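The structure appears right after this line, and notes come after that.
The values are calculated or read from the model by the stated rules, or taken from the named source; none is laboratory data. Worth saying up front: this structure is predicted, and the values here are computed from it rather than measured. Every residue, glycine among them, receives a Cβ derived from its backbone with ideal geometry; neighbour counts consider all protein chains shown. Each accessible area value is taken on the protein alone, full model and side chains, heavy atoms only, with ligands, DNA and RNA left out. Shrake-Rupley method; radii C 1.70, N 1.55, O 1.52, S 1.80 Å.
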Amino acid sequence: MEFTEKIPITIEAQLKEQPLFYAATDLMNDGQFGKQWLILTRTEVAIWAEDGNLTSSLPLSDITDARVAGGVGGGTLIADTKRGPVIVLRYTAALTSIFGHVAKLIGALAKGEELPTASEKDFPRLCPKCRTPLSHDSLACPVCKNNGKVLLRMLSYAKPYRKQMIAAAIMLILTTLIELIPPYLTKRLVDDVLTPKDMGSALLWIVVGLAATSVVLTGMQIVRGLIGVWIGSKLMGDLRRDVYQSLMRLSLSFFDRRQSSQFIGRVNSDSEAMRQFMTDGVIWVSGEFLRVVAIAIIMFSLDWKLTLLALLPTPLMIIMSSLLWPKMGRLWYQQWRSVFRLNSIVGDSLQGIRVVKAFGQESAETSRYSASNRDLIKSDIRVQGIWQGVFPIFSLIAGAGTLLIWFYGGRNVLNDGMSIGTLIAMITYLGMLLGPLQWVSQMLNWASHAISAADRVFEIMDTPADVPDTVNPANIGRVKGDVEFKQVTYGYEKHHPVLKGISLNVKAGEMIGLVGHSGAGKSTFINMICRFYDSDEGTITIDGNDIRTISQNDLRQQIGVVLQETFLFDGTIAENIAYSKPDATELDVMRAAKIANAHDFIVQLPDGYDTRVGERGHKLSGGERQRVAIARAIIHDPRILILDEATASVDTVTERLIQEAISRLVKGRTTFAIAHRLSTLRNADRLVVLDHGKIVEVGTHEELLQAEGAYFKLVEAQKELSQIKGVESA
Amino acid sequence: MNELEVKEVQEEQPAELAEKDPFEIHLLEPERISFSRSSGGVFQAVIEGKAYDEIVLFRVFPFRYTTQFISVRNPKNEEIGIVRDISLLDRESRTEIEKELQLRYFLPIVTRIESVKQKADLWIWELGTNLGDTRIVMRNLHEFMQFPGNNRVILTDMNGKRCEIRDYEQLDSHSKRQLRDVM
């Protein structure tokens, strides 16, 4: 209950009995924002206003049931009474889960059933301090958290390369100090040699000194550069690896909601931006900082009054920089969004290029692209424009300092208060000092770019897997294959359940055919066994173990799938067959292919088992791909087998080949099969008919036909359909 | 040839179906429907002479038409028919249907944007709406802001709460400034 607020004292004082449950809603009954309290006791459902006035109450004896009616962006809690339904309260989408629970509570109270207990999932997850919604799996509030954290976290990637970083830093300090020597030598040249016109050996030595510093400087810059490149590439590699690993770890539901083209850009360009910041950025910034400090010290020791004067414009530059910082960050994000939109249009239309061409929509797609392209051009111009405008202004301000030195320093020289050499040295040093200050803006660019990139990258890394792996997985070894569904309810979007209270007990080795209209929940049913998603309610057990207590690795070891879209990876046929068992011998691969009726056609291919398939390789026909997929499942040797429409869209000969392969595959394994063609499920031990997410019938083909229920209707409908098809093809 | 086929199909159909094609969109005639609210606050209707004690409304084109093409359904989600334009209904029905739509499609209209701040990885919007002040929290902008066109913006909260900016050109200058930074 730590996420719920306490009842206000004004209300609590008036309560006659201990509340069973209470919750605050964020809407008034007329739909305005506002706070009301629902307080549930054993006798009534009461609604209180925040100020302690009772708004309404409904005796529980009147209520027969309760439910929520979900709207869009909000919902309504409705109590069914003997006099018809009554609206209890309204709430926004943030509170959907908690009032879903309230409805169940009221319903159970009214019907005298056992009260459901609230799980943590039922409460809105808000930060106790600032009421900001929290992400699903972490209690750390993103608003209350430290802002520099992203930066620190980013820098933590540099840790493994500490030694190299230190070497680079030492080089940096040395080069910075050496860079300061030439202006001093110049000063000596002017004051000691040129002004007195003293042609001694000094000229030669000073020039030799200048030459030596340049040579040393160049050498050190090269070495530093090489170290930088080395660290940078390593860092980049680490980042990319981590992002990719996170992507693989995430649950399917994460990808359901996003376009995959989005990630390709993220993995590469965002990690590049972060690397740039960490290697070039950090080294450069610290080097420049060091230089500024050193130059300031030298300048002050040469002539502190003049230095103060020359530094007058610097606060202005710093203020300008800090004003620009947040602005630029947003503009960069904006530009990134435009690029992202453009990329997803390209991704979309190229993936669907057949549809585009078939409907003759090339020009529509082009204009869609052009519109986004224009957006990008606009935001490009804006970002770059501000950039280009800022620079000259910075140099103008910086130039003002130089002018001041020329004027006052020049006067000092004329009054003999200062040597010409010192004046020249001052001007050179000031140039070196203001250089990095102008570039403070470039630092903003790097930093803000990198931080927003880091934000996005860490977002992926931080997204909790919806299907978390258990901490102490049960060791299941090789399972028998008993599968049991106990009251399983699940919806891809909560409160739109696709499966409702499914209960089914399947014995090891049994073949279950799943039947129903499209959208009845067949594929979801299968996804639940694979644990691609976690059930909202109820449990699924394998050999009596809740699948949540089994590590996902172990679980998938036991499960083999042959899916509707047979996806073959880029690689040879042999590699694809041995996908789940890379150490399979050539004989294993051939045996599996033989069982899958694939061996013969593979051998006849010019490249045999070494034929490259996948995106770039040899195009196999649908039936061939399916048989390769079956071979893949056979070599996996799972205890539980899942077949999804394995024989859709192939000719009858191929279908027979596949059917044979499948019947060999299912032998001795617990099998769940989906097929649109009901005839292909004849071999199933039991058929489970799903309708609107519920099991409506279970039985063998013959039993169900005799019962003349839902299955019978499906069969009849299909018969009609095949007759029409027969006419079509005739 | 074609005509002949059509005729045959019609003859095969039972008389009942022939007059009411199940695949035809059934538009409700404004004179034959009336909406009201029960004492419990539940939305009810009498449609073509039949009384329904609970009715659920759906906007067919929630973004494009907010007061036209309203699908009227019973709680079992069976479509009774479609109201083409609610402005053609009688006054009481119109007020009730408008109210019900507003409640079911909870989409406050933004009247003022107080601030848009980025804290850590969250975007926090402090908004004034026609239904009172509220705060919207987004994980990022590119997934939680939608632009259906005509200067409209739909803002979606991490929890699914939504707000609408009807026309960002019509907002006051402070709000526009806040918005410009993030659009």
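DSSP loop (so not H, G, I, E, B), at most 15 other Cβ within 10 Å: list which trypsin sites (Lys or Arg not before Pro) in the range A:33-68 pass both filters.
On the way: sites: A:35, A:42, A:67; in loops: A:42.
Of the trypsin sites (Lys or Arg not before Pro), the ones in loops of the range A:33-68 whose Cβ has at most 15 other Cβ atoms within 10 Å are A:42.
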### Query
Over 32 Å between Cα atoms, which of A:507/A:581; A:357/B:76; A:500/A:594; A:149/B:161; A:159/A:581 qualify?
A:357/B:76; A:500/A:594; A:159/A:581
### Task
Would you check the accessible area of residue A:667, probe 1.4 Å, heavy atoms only, in square angstrom rounded to 10?
150
### Query
Using modelled backbone amide H atoms (1.01 Å from N, in-plane), which distant-in-sequence or interchain residues come within less than 5 Å of residue A:34's amide H?
A:27, A:28
### Message
I need the Debye-formula profile for the range A:325-373: one equal scatterer per C-alpha, no solvent, reported as log10 I(q)/I(0) at q = 0.21, 0.31 1/Å, two decimals.
### Response
-0.71, -1.08
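Hey, what D do you get for chain A in µm²/s if you plug the Kirkwood alpha-carbon radius into Stokes-Einstein at 20 °C and 1.002 mPa s?
Values: Rh = 32.8 Å.
Translational D for this selection: 65 µm²/s.
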### Pairwise label distance in nanometres, residue B:36 with residue A:56, each label 7 Å out on the Cα-Cβ vector
1.8
### Query
To the nearest 0.05, how large is the calculated FRET efficiency for residue B:173 and residue A:320 if R₀ is 22 Å and r is the Cβ-Cβ distance?
0.35
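Averaging over every viewing direction, what projected area does the convex hull of the Cα atoms of the range A:339-410 cover, in nm²?
Numbers: hull surface 24.3 nm².
Hull-based average projected area comes out at 6.1 nm².
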### Query
Using r as the Cβ-Cβ distance of residue A:173 and residue A:201, and R0 as 30 Å, what FRET efficiency do you calculate, to the nearest 0.05?
0.40
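Under the classification rounded if a/c is under 1.5, otherwise prolate if a/b is larger than b/c and oblate if not, where does the range A:149-462 fall, given a ≥ b ≥ c as square roots of the Cα gyration tensor eigenvalues?
Values: a/c = 3.02, a/b = 2.10, b/c = 1.44.
It is prolate, given that a/c is not under 1.5 and a/b is the larger ratio.
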### Task
Largest first and to the nearest Å, give the Cα extent of the range B:22-104 along each principal axis.
34, 27, 24
### Query
Quick one: how many Å² of residue A:652 are accessible to a 1.4 Å probe, rounded to 10?
110
### Query
Over what distance in Å are the Cα centres of the range A:451-520 and the range A:630-644 separated?
19
### Message
Using 0.36 nm times the number of residues separating residue A:221 and residue A:249, minus their current alpha carbon distance, what extension gain do you get?
### Response
5.9 nm
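Compute the Cα gyration tensor for chain B, then decide on rounded, prolate or oblate, letting a ≥ b ≥ c be the square roots of its eigenvalues: rounded whenever a/c is under 1.5, prolate when a/b is larger than b/c in the other cases, and oblate in all that remain. Working shown, then result.
On the way: a/c = 2.94, a/b = 1.99, b/c = 1.48.
It comes out prolate by the Cα gyration axes.
Taking GluC sites (Glu not before Pro) that fall in a DSSP loop and have at most 15 other Cβ atoms within 10 Å as cut points, what is the longest piece of chain A between them?
Answer - A:115-492.
Residues of the protein assembly as shown: accessible area per residue at 1.4 Å, in Å²?
Values: 47400 Å² over 913 residues.
I get 52 Å² per residue for the protein assembly as shown.
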#### Entry: For the range A:303-317 and the range A:178-200, distance of Cα centres in Å
25
## Note on the structure
With Rg from the Cα atoms and Rh as the Kirkwood inverse mean 1/r over Cα pairs, the range B:79-139 has an Rg/Rh of 1.20
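If you keep only loop residues by DSSP, which chymotrypsin sites (Phe, Trp or Tyr not before Pro) in the range A:2-83 have at most 16 other Cβ atoms within 10 Å of their Cβ? It would help to have the intermediate numbers written out before the result.
Details: sites: A:3, A:21, A:22, A:33, A:37, A:48; in loops: A:3.
Of the chymotrypsin sites (Phe, Trp or Tyr not before Pro), the ones in loops of the range A:2-83 whose Cβ has at most 16 other Cβ atoms within 10 Å are A:3.
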### From phi via Karplus (6.51, -1.76, 1.60), per-residue ³J(HN,Hα) for the range A:533-541 in Hz, x at Gly/Pro
9, 9, 5, 6, 9, x, 10, 10, 10
### Globularity index of the range A:483-729, i.e. its alpha-carbon radius of gyration over 2.2 N^0.38 Å
1.04
### Summary
Applying the gyration tensor rule to the Cα atoms of the range A:9-122 (axes a ≥ b ≥ c; rounded if a/c under 1.5, else prolate if a/b exceeds b/c, else oblate), the class is rounded
### Query
So how do A:278, A:171, B:183 rank on accessible area, 1.4 Å probe, biggest first, that is with the largest at the start?
B:183, A:171, A:278
### Average beta-carbon neighbours from other chains, 10 Å sphere, peptide A:328-335
3
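Using 0.36 nm times the number of residues separating residue A:621 and residue A:393, minus their current alpha carbon distance, what extension gain do you get? Provide the component values of the computation, followed by the final result.
Details: separation 228, 0.36 × 228 = 82.08 nm, distance 6.47 nm.
This chain segment gains 75.6 nm when fully extended.
At 0.36 nm per residue, minus the direct Cα-Cα distance, what do residue A:474 and residue A:611 gain on full extension? Give it in nm, one decimal, please.
On the way: separation 137, 0.36 × 137 = 49.32 nm, distance 4.04 nm.
Roughly 45.3 nm would be gained on extension.
Which of A:522/A:694; A:327/B:176; A:82/A:694 have a Cα-Cα distance over 22 Å?
A:82/A:694
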### Task
Could you tell me how many degrees, from 0 to 90 and to the nearest 10, lie between the Cα long axis of helix B:2-12 and the main elongation axis, the longest principal axis, of the Cα atoms of chain B?
80
### Label-point gap, in nm, between residue A:532 and residue A:591 - each point 7 angstrom along Cα→Cβ
3.1
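Determine, from the Cβ-Cβ distance of residue A:381 and residue A:350 and an R0 of 35 Å, the FRET efficiency 1/(1 + (r/R0)^6), rounded to the nearest 0.05. Kindly include the intermediate steps, with their values, before the conclusion.
Working: r = 27 Å, r/R0 = 0.77.
So the FRET efficiency works out to roughly 0.85.
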### Summary
residue A:363 and residue A:327 label points (each 7 Å along its Cα→Cβ direction) are spaced in nm at 4.3
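Can you give the accessible area buried between chains B and A, summed over both chains, with a 1.4 Å probe, in Å² to the nearest 100?
Chains B and A together bury roughly 3700 Å² of accessible area.
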#### Entry: Vicinal HN-Hα couplings computed from phi for the range A:219-224 (Karplus, 6.51 cos²θ - 1.76 cosθ + 1.60; Hz; Gly/Pro x)
x, 5, 5, 5, 4, 4
### Message
Can you list residues from other chains, or at least 5 along the same chain, whose modelled amide H is less than 5 Å from the amide H of residue B:81?
### Response
B:72
